[in-house]
Amino acid sequence: MLPQEKAKYTLEEYLELDQTSEEKIEFWDGYVFTLAGASVSHNRIQRNCTTYLQNKLRGRTCEVFPSDMRIKVPAYAPYRYGDLSALCGKPIFELLGKQELLANPTVIFEVLSESTADFDRGYKFTYYKSIESFTEYILIAQDRPHVSQFVKQAENSWVNHEFNDISDEFYLESLDCELTLMEIYENVEFPPIQDRLRIIE
């Protein structure tokens with residue numbers, strides 16, 4: 001994320017800026033950050049997840065929302081942008097100024113990059129947990145076949161499942177459907193393994 005030039009913004013200034021910005025920007029403690037443009041692999045993964053989930057959920061009262069949907073996050077107002085969010089049932093939208101916020105996602109997907117992976121696994125996950133309806137978190141690597149699935153068991157209790165083979169499939173409890181890594185990574189080219197290894201001297 002790239003910070004805007006001004007030192008600090010009020011929430012009202014941010015909302016006005018976000019309404020007219022051609023880029024996605026987020027608000028953190030008075031600072032405004034531009035969300036960096038996504039890679040080709042990131043876009044393909046995001047597109048694949050959206051397409052396959054929409055097909056699997058067709059005919060049911062479920063919806064899949066793309067990355068420009070603002071998600072209300074009580075623990076870190078006013079809202080965040082996930083790479084993909086979804087739910088079954090009636091979506092609840094709240095107005096903040098002129099912006100519509102999705103208040104009840106059950107599952108949120110994040111496609112990891114080298115610069116955001118730690119943040120998505122740590123702080124962002126912590127903030128997302130303040131969403132009452134949120135019960136499933138899917139983290140997807142883009143440099144190799146790897147998916148981390150976190151499923152809520154009880155208050156402050158989440159179980160983690162890891163999937164590392166392109167032939168793996170996993171069950172999305174919040175949407176009552178399965179998704180395969182082959183579907184997620186369709187047309188995604190991974191860098192050679194030597195490019196992913198750090199040489200230790």
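The values are calculated or read from the model by the stated rules, or taken from the named source; none is laboratory data. Keep in mind that what you see is a predicted model, and the values were worked out from it rather than measured. Using ideal geometry, Cβ is built from the backbone for each residue, glycine included, and neighbour counts are taken over all protein chains shown. Remember, those area values only see protein heavy atoms, side chains included, never the ligands or the DNA or RNA. Shrake-Rupley method; radii C 1.70, N 1.55, O 1.52, S 1.80 Å.
In the range 20-73, the qualifying residues are those that are crowded, with 16+ Cβ neighbours inside 10 Å and among the basic types (Lys, Arg), and the one that is nearest to the chain's Cα centre (by Cα) is Arg70. Select from the range 179-193 the residues that are open to solvent by less than 90 Å² (accessible area, probe 1.4 Å) and at pLDDT 95 or above and write down the one among them that is farthest from Thr135 (Cα to Cα). It comes out as Val188.
Note on the range 96-110: among residues that are assigned to a strand (DSSP E or B) and open to solvent by less than 20 Å² (accessible area, probe 1.4 Å), the one that is modelled with the lowest pLDDT is Gln99.
Filter the range 163-177 down to the residues that are of a type in the set (D, E, K, R) and surrounded by 12 or more Cβ atoms within 10 Å (Cβ to Cβ) and list them by number. Lay out the reasoning, then the answer.
Narrowing the range 163-177 to residues of a type in the set (D, E, K, R): 165, 168-169, 173, 176.
Across the range 163-177, the qualifying residues are Asp168, Glu169, Glu173, Asp176.
The conditions of being over 25 Å from Met182 (Cα atoms), open to solvent by less than 60 Å² (accessible area, probe 1.4 Å) and part of a helix (DSSP H, G or I) are met by Leu17.
Taking the range 111-162 as the range and being of a type in the set (D, E, K, R) and either surrounded by 13 or more Cβ atoms within 10 Å (Cβ to Cβ) or in a loop (DSSP other than H, G, I, E, B) (or both) as the test, the residues that pass are Glu114, Asp120, Arg121, Lys124, Lys129, Glu132, Glu136, Asp143, Arg144, Lys152, Glu155. When residues in the range 78-95 are screened for being open to solvent by less than 60 Å² (accessible area, probe 1.4 Å) and either hydroxyl-bearing (Ser, Thr, Tyr) or not in a strand (DSSP E or B) (or both), 8 of them pass.
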